[in-house]
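Engineer: Got a structure for you, questions after.
The values are calculated or read from the model by the stated rules, or taken from the named source; none is laboratory data. Only a predicted model underlies this, so the values are computations on that prediction, with no experimental measurement involved. All Cβ positions, glycine included, derive from the backbone under ideal geometry; neighbour counts span all protein chains shown.
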Number of protein chains: 2
Amino acid sequence: MKQIMHIMAGFVLILSAVYADEGMWTFDNPPGKQLKEKYGFDVTEDWMTHVRLSSVRFNDGGSGSFISPNGLVMTNHHVGLGQIQKLSTQENDFVKNGFYAKTTSAELRCPDLELNVLVEMENVTEKILGTAKEGMTQKEALSARKSKIAELTKESRERTGLRSDIVPFYNGSEYWIYRYKKFTDVRLVMAPEEQIAFFGGDPDNFTFPRYDLDMTFFRVYENDKPYNPPHYLKWKTAGASDGELVFVSGHPGSTNRQQTVSQIEYARDYSYPNRLKNVERRLKVLRDYASRGEEQRRRAVTSIRGIENAQKAWTGEYNGLLDKNVMAKKIKEELNLREAVNANPELKAKFAWAWDSVAAAIERSKMMFKELTFRGVSGKLASNALTIARFAREIKKPNGERTAAFQDANIEATKYSLFSPAPIYPDLEEVQLADRFAEALDMLGSNDPWVKAVLDGKTPQEAAAFYINNTKLGDPAFRKALIEAGEEEITASQDPLIAMARRIVGIGDEMTAWQEKNISGITASASEAAGKARFAVYGKDLPPDATFTLRLSYGTVKVFPMNGTVAPSMTTMYGLYDRAYSFQNQPEFELPQRFKDGVNKVQLATAMNFVTTNDIIGGNSGSPVINKNAEVVGLIFDGNIESLSGRFVYEEARNRAVAVHTAAMIESLRKLYDASLLADEIEGIVTKPEPPKETPLKTVKPATKKKK
Amino acid sequence: MKQIMHIMAGFVLILSAVYADEGMWTFDNPPGKQLKEKYGFDVTEDWMTHVRLSSVRFNDGGSGSFISPNGLVMTNHHVGLGQIQKLSTQENDFVKNGFYAKTTSAELRCPDLELNVLVEMENVTEKILGTAKEGMTQKEALSARKSKIAELTKESRERTGLRSDIVPFYNGSEYWIYRYKKFTDVRLVMAPEEQIAFFGGDPDNFTFPRYDLDMTFFRVYENDKPYNPPHYLKWKTAGASDGELVFVSGHPGSTNRQQTVSQIEYARDYSYPNRLKNVERRLKVLRDYASRGEEQRRRAVTSIRGIENAQKAWTGEYNGLLDKNVMAKKIKEELNLREAVNANPELKAKFAWAWDSVAAAIERSKMMFKELTFRGVSGKLASNALTIARFAREIKKPNGERTAAFQDANIEATKYSLFSPAPIYPDLEEVQLADRFAEALDMLGSNDPWVKAVLDGKTPQEAAAFYINNTKLGDPAFRKALIEAGEEEITASQDPLIAMARRIVGIGDEMTAWQEKNISGITASASEAAGKARFAVYGKDLPPDATFTLRLSYGTVKVFPMNGTVAPSMTTMYGLYDRAYSFQNQPEFELPQRFKDGVNKVQLATAMNFVTTNDIIGGNSGSPVINKNAEVVGLIFDGNIESLSGRFVYEEARNRAVAVHTAAMIESLRKLYDASLLADEIEGIVTKPEPPKETPLKTVKPATKKKK
């Protein structure tokens, strides 16, 4: 490898000059050279460790950080929203009205929130890749790797007692065990009104200038006491100035920057157009439901929000793919890499086949596109039924052959989620399921075996109503009892939704098997080869694709061209009121009463939101923005519309991460939320909240179980 | 014609349904049907007359309106800027500091401002078109028409004493005499600081959301007394609400909506790319000059502003032409029209040749593109020299054969401008002229006769320095003396700039003659034919292209999609402060001290700027936005970036006119400018300012002459 690296050195140099602030870097491989050369910053191992151990992963898809010695965790309101909603009732709508616990005893325990802190990273590349022996078929190699992954995961978990995930990087050129300290006793401390957290609503989502107070504070508990993290981030209310170097430490979900051209073309011509059609359909169903009344709106709002969010993101990504320059850049990158591979006999022999192999698999994927896309259910009840039916089939297999969710290492998490006492709304479940059935009928026809199995001679509406009205799966105890009773009981269950799940789970498994054999199995190994080729040519001078693992990105606070003019690098609270009064009572731009009444209490010139060139993507929500001293200067909550094509290409000129300014958080807490105690804790003015009193645990109906 | 109209009626109906709020309508032909059907508004002749007589044309390229019974005229700061600048001195920089005359006696007379009010319109189509006799060559027909125009103009001016312009509409399908009451005693009443009038500077120019107080108030005098206009617009401080029908009455300069596809392709492939290259060059020269010092900046700022403005506008227009959909729409429109023409034998015989004839002329234009583009001078001194040299050649010709500027009807205006006492800055003139010479040398080569004539063996820098340092044309008295001495004196003049002008004026005339014969003469008659064809097919159901004549456009106050979200239909003063503090002291976004200090005096929720769907273009600057009652609700000052392709296509979804809100004007006058008297006059609270006192006329050096 060294010789190749040496040969390519000139090329790599050019790349690093071009790649600007790009990259979501793993914590074992920070971009030290770039930081030194471009910003004169020496990133140390201690700095990296401190930031890593202060970073928190919200396992349902977000990021956060410890910001006090007493386990205070900062994240976005939209990351915490699911929990805030679960803690709300019709009488106490914390989503609408906000929440603040003045004392720890008033903090509310979240029903099913898991937070992780990445405490150890171990490179196990050799162990994993060593499973592939001379003479194995692809399938055998895949299976051997899968077993090894399951084995290592289990071993690690048992030895360390830590959540242990085996994560591939660089398309499988490296494998690491990431060990997490896990927290499930997490309590809500403060959440503003959704109306100010998500000010501007869907219209302003993924845009800047912006005026959102998208923050929520939780506290992590251990043994019923506030947890004292060994590392937490200090706070800087003054924030960062224009042009200042800043970092984002968080958990970007996924990027597709190393996909082959054929994969990206498939995404452009198949996946995105269909996805966008589908979300329009889902949104219609949810909005119709939400329009039935205030309570329905409350129930559906998180899902609507999520789908609107996805819709805008996908539209932006899709537009990125339709941009000929983006596509030309991708094509050129791939050509360059393939030329470098072909120029070296060893690399050519090992990797040159990869791109055409992916292309062939993509062609097969097009054949089964409809089945792969439209055979699916909606709603928690149907999903739970499928999990239970699949449990019966999977649990009897050897650990290494099971689907990931049912392997020993994950089964506990799967059950935790399955047994969640969070409320389920049958009327909502029914309309969602009916629509999915109707769509499948439209797209696949009435003779499709899966369609036959779900409809069972009924219309989509009848079938959905029948299942939802007659299932007992709404009761967490029933779900738990079924799982605990085991395979036989599940197979014998007369519950109509379980029966339906039993009928389709086989069809799904068949489809999965076909897909694995003809598509994903091949693209997995071919992508691995392409990734290894890239790794052989460029090494770790380029960061790997995002995988919802902890990453560090760097950048600066910076203006960008927008709407024919320039967007400022920050906004102020003046702008919040401007946008509110400009839209004169339109719901998305309505201020909470607290903000209307409090206009004269706040300093209107206080910085509200700001943008940076940091390379982030979905999953980074809730990430702290920190300065060179690892002080919090902001809270990531979004990217601008131009950042959406960042899934495929990062473009420093226009790609911006959007963050809440620390000044806005403190100003609001002190002046509008009567939350000076919390502000004091955040700013480090007091370092200990008073100890929790009696009944430290407040849960809400219908949460019937307490979990550790 | 009636039969054709009848045949096409169905088609026309479809068109009017499609064309939405499009159109800059002449006052003889308001869009009554559209207003009635779409908005239920009955536009009456009285209403039209009232609005027309309240509208004012600023002859140097803008619009305005009478807004008080005492001749108060409202326009934009950027329309008045040239005059404000001429009234300023180093000691009294009204551009920078603003100006307010508390009494009429403090009002400052503008050195060379002419305002026009359109008092009469007479259709002279038959008289003009009747000059074309059977058997005439094209040249003879053109010449006959030209003579007729000169004759009618002169006759009208002499008979009525009014400025009389003959204006073609519908590509020459109609000709009208527009008679204007003319005012040259116009005095500055109030101008805010340029910094707030043009807040956001070039970055925000042509965009919205916006926060500009782009207003200036003049007063028209007659016989040294405030003029009492028979019509003026009443005022409505509350403005217009979202969705409300509003009108703009003003003077759009020009549109190219009826150009043929070959003309538009020429614009796309030749004119715009070159223009944009040229303005970059001009800007560099001016900015280098402005960077020499504060006084140089002050001198160059209007020109820089104007060119930056043009640059952004042209970039937007050019981008419009590069948009395939825009081009496809134009191609389709032309195809439809040509099909309709070909389907009718009479129309086919008369007009079918037109499009190919234009295309052939365009091809010839490409051959002479460089000569037509780069043979030109810059600066006032060189322009004045050319005017004087040309005067000597033209004045001896019969009136009808002279270039328009030297015809009896226009000679007075030409002299008025030539003799203007406005200051000329030789150092600025020199760098501008040197750059034009250098550019011509680059593009045309040293053997080009025009280049030879201007350089006269010197380098561009040497030549420019020689001319500017040795000419006496900086003195208005010298210019006047030369003209009054007449042809012989001019021909004998040893002034080096006059000598140069004599050398090139012949080359210019030759080029003009060639161009007239091979291009403009042909495109004029062919465009006339295409326009007549269009007129024959659609009649006056479609409005004619803009020609800097008074037009009425209608539309509504309306949001539009922007930056991935929605732009509000109005902004507030909160937003002004937001943008200022967001950019932290960047010069374009710096607030005048008055606004910084006065933040607590104003109601921040006051509406600042707003947008409407009205179809406007450059020249409409300063137009009043009025409601159904003809009350002023705003002051047009710009269009959004998407409106720029409106030169070729109007698109209601995104095209927006941008206006100052009446509330912002009154709020600022009362709370920040200590100008309650003026606000009272505007709002109609007092109807008479006190009579002018002694020395009513304040002019500034170097204004040596008083003009009526």
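Engineer: Check B:T491, B:T512, B:T547 and return the single one that is within 30 Å of B:L115 (Cα to Cα) and surrounded by fewer than 23 Cβ atoms within 10 Å (Cβ to Cβ). Talk me through it step by step, then tell me what you get.
Structural biologist: Details: B:T491 fails: within 30 Å of B:L115 (Cα to Cα); B:T512 fails: within 30 Å of B:L115 (Cα to Cα).
On inspection, the qualifying residue turns out to be B:T547.
Engineer: Closer than 30 Å to A:G61 by Cα and either in contact with a strand residue (DSSP E or B) (Cβ under 8 Å, 6 or more places away or on another chain) or surrounded by fewer than 18 Cβ atoms within 10 Å (Cβ to Cβ) (or both): which single residue out of A:E333, A:E317, A:E294, A:E339 fits that description? Steps first, answer last, please.
Structural biologist: Details: A:E333 fails: closer than 30 Å to A:G61 by Cα; A:E317 fails: either in contact with a strand residue (DSSP E or B) (Cβ under 8 Å, 6 or more places away or on another chain) or surrounded by fewer than 18 Cβ atoms within 10 Å (Cβ to Cβ) (or both); A:E339 fails: closer than 30 Å to A:G61 by Cα.
Sole residue among the options that is closer than 30 Å to A:G61 by Cα and either in contact with a strand residue (DSSP E or B) (Cβ under 8 Å, 6 or more places away or on another chain) or surrounded by fewer than 18 Cβ atoms within 10 Å (Cβ to Cβ) (or both): A:E294.
Engineer: Take A:T75 and tell me if it is surrounded by fewer than 16 Cβ atoms within 10 Å (Cβ to Cβ), at pLDDT 95 or above and of a type in the set (S, T, N, Q).
Structural biologist: Here the answer is no, as A:T75 does not meet what is asked.
Engineer: Being of a type in the set (G, A, S) and not in a loop (DSSP other than H, G, I, E, B) is the filter here, so list the residues in segment A:92-109 that pass it.
Structural biologist: Step one: list which residues in segment A:92-109 are of a type in the set (G, A, S), which gives A:98, A:101, A:105-106.
Selection gives A:S105, A:A106.
Engineer: Here is a check on your reading of the model: is B:G564 of a type in the set (G, A, S) and either within 30 Å of the chain's Cα centre (by Cα) or modelled with pLDDT of 90 or more (or both)? Step through it out loud before you land on a result.
Structural biologist: On the way: of a type in the set (G, A, S): yes; either within 30 Å of the chain's Cα centre (by Cα) or modelled with pLDDT of 90 or more (or both): no.
The answer is no for B:G564.
Engineer: Which residue, of B:L276, B:L233, is in contact (Cβ under 8 Å) with a residue 12 or more places away in the chain, within 26 Å of B:F99 (Cα to Cα), among the aliphatic types (A, V, I, L, M) and in contact with a Ser or Thr (Cβ under 9 Å, 6 or more places away or on another chain)?
Structural biologist: Details: B:L276 fails: within 26 Å of B:F99 (Cα to Cα).
Just one listed residue meets the conditions, B:L233.
Engineer: Here's a follow-up. Among the residues of segment B:317-326, is there at least one that is closer than 25 Å to B:L644 by Cβ, within 14 Å of chain A (Cβ to nearest Cβ) and touching a Lys or Arg at 6+ places or on another chain (Cβ under 6 Å)?
Structural biologist: Checked segment B:317-326: at least one residue is closer than 25 Å to B:L644 by Cβ, within 14 Å of chain A (Cβ to nearest Cβ) and touching a Lys or Arg at 6+ places or on another chain (Cβ under 6 Å).
Engineer: Let me ask you something else. Is it true that some residue in segment A:501-513 is free of Cβ contacts under 8 Å to residues at least 40 places away in the same chain, more than 28 Å from the chain's Cα centre (by Cα) and within 14 Å of another protein chain (Cβ to nearest Cβ)?
Structural biologist: So far as segment A:501-513 goes, no, none of its residues is free of Cβ contacts under 8 Å to residues at least 40 places away in the same chain, more than 28 Å from the chain's Cα centre (by Cα) and within 14 Å of another protein chain (Cβ to nearest Cβ).
Engineer: Return the total of residues in segment B:53-109 being more than 16 Å from B:E681 (Cα to Cα) and among the aromatic types (F, W, Y).
Structural biologist: 3
Engineer: Can I ask one more? For segment B:199-243, name all the residues that are closer than 18 Å to B:G64 by Cα and hydrophobic (A, V, I, L, M, F, W, C).
Structural biologist: Of the residues in segment B:199-243, the ones closer than 18 Å to B:G64 by Cα are B:212-222, B:226-237, B:239.
The answer is B:L213, B:M215, B:F217, B:F218, B:V220, B:L233, B:W235.
Engineer: If you don't mind, there's one more thing I want to ask. Considering only segment A:580-610, state which residues are surrounded by fewer than 18 Cβ atoms within 10 Å (Cβ to Cβ), modelled with pLDDT of 95 or more and within 19 Å of B:K558 (Cα to Cα).
Structural biologist: Result: A:E590, single match.
For every residue, the table says whether it meets (1) within 19 Å of the chain's Cα centre (by Cα); (2) free of Cβ contacts under 8 Å to residues at least 40 places away in the same chain; (3) assigned to a helix (DSSP H, G or I); (4) surrounded by 15 or more Cβ atoms within 10 Å (Cβ to Cβ).
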site	(1), (2), (3), (4)
A:V79	yes, no, yes, yes
A:Q90	no, no, no, no
A:P111	no, no, no, yes
A:V119	no, no, no, yes
A:K127	no, no, yes, yes
A:K133	no, yes, no, no
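Engineer: Right, A:L482: crowded, with 16+ Cβ neighbours inside 10 Å and closer than 29 Å to A:V301 by Cα or not?
Structural biologist: No, not satisfied.
Engineer: Considering only segment A:515-556, state which residues are of a type in the set (A, V, I, L, M, F, W, C) and in contact with a Leu (Cβ under 9 Å, 6 or more places away or on another chain).
Structural biologist: First, pick out the residues of segment A:515-556 that are of a type in the set (A, V, I, L, M, F, W, C): A:519, A:522, A:524, A:526, A:529-530, A:533, A:535-537, A:542, A:546, A:548, A:550, A:552.
Result: A:I519, A:A524, A:A530, A:A533, A:F535, A:A536, A:V537, A:L542, A:L550.
Engineer: Here is a check on your reading of the model: is B:V279 among the β-branched types (V, I, T), closer than 24 Å to B:E194 by Cα and away from chain A (no Cβ under 14 Å)? Break it down stepwise before answering.
Structural biologist: Working: among the β-branched types (V, I, T): yes; closer than 24 Å to B:E194 by Cα: yes; away from chain A (no Cβ under 14 Å): yes.
For B:V279, the condition - among the β-branched types (V, I, T), closer than 24 Å to B:E194 by Cα and away from chain A (no Cβ under 14 Å) - is met.
Engineer: Grab the helices (runs of 4 or more DSSP H) fully contained in segment B:321-418, keeping just those with 2 or more residues being among the basic types (K, R). It would help to see each step written out before you state the result.
Structural biologist: Working: elements: B:324-342, B:345-351, B:354-367, B:369-374, B:380-394, B:408-418.
Of the helices (runs of 4 or more DSSP H) lying wholly inside segment B:321-418, those with at least 2 residues that are among the basic types (K, R) span B:324-342, B:345-351, B:354-367, B:380-394.
Engineer: Got a number for residues in segment A:453-475 being crowded, with 17+ Cβ neighbours inside 10 Å and farther than 15 Å from A:G379 by Cα?
Structural biologist: Counting residues in segment A:453-475 that are crowded, with 17+ Cβ neighbours inside 10 Å and farther than 15 Å from A:G379 by Cα gives 2.
Engineer: Let me ask something additional. In segment B:546-571, what residues are hydrophobic (A, V, I, L, M, F, W, C) and either under 21 Å from B:D212 (Cβ atoms) or within 11 Å of chain A (Cβ to nearest Cβ) (or both)?
Structural biologist: Here is the first cut: in segment B:546-571, the ones hydrophobic (A, V, I, L, M, F, W, C) are B:546, B:548, B:550, B:552, B:557, B:559-560, B:562, B:566-567, B:570.
B:V557, B:V559, B:F560, B:M562, B:V566, B:A567, B:M570 - these are the residues of segment B:546-571 that are hydrophobic (A, V, I, L, M, F, W, C) and either under 21 Å from B:D212 (Cβ atoms) or within 11 Å of chain A (Cβ to nearest Cβ) (or both).
Engineer: Give B:S553, B:S527 a once-over and let me know the one that is assigned to a strand (DSSP E or B) and under 28 Å from the mean Cα position of the chain (by Cα).
Structural biologist: Details: B:S527 fails: assigned to a strand (DSSP E or B).
Exactly one residue qualifies, and that residue is B:S553.
Engineer: Please work out which one of (1) without any contact (Cβ under 8 Å) to a residue 12 or more places away in the chain; (2) touching an Asp or Glu at 6+ places or on another chain (Cβ under 7 Å) is the condition B:G555 fails and give its number.
Structural biologist: (1)
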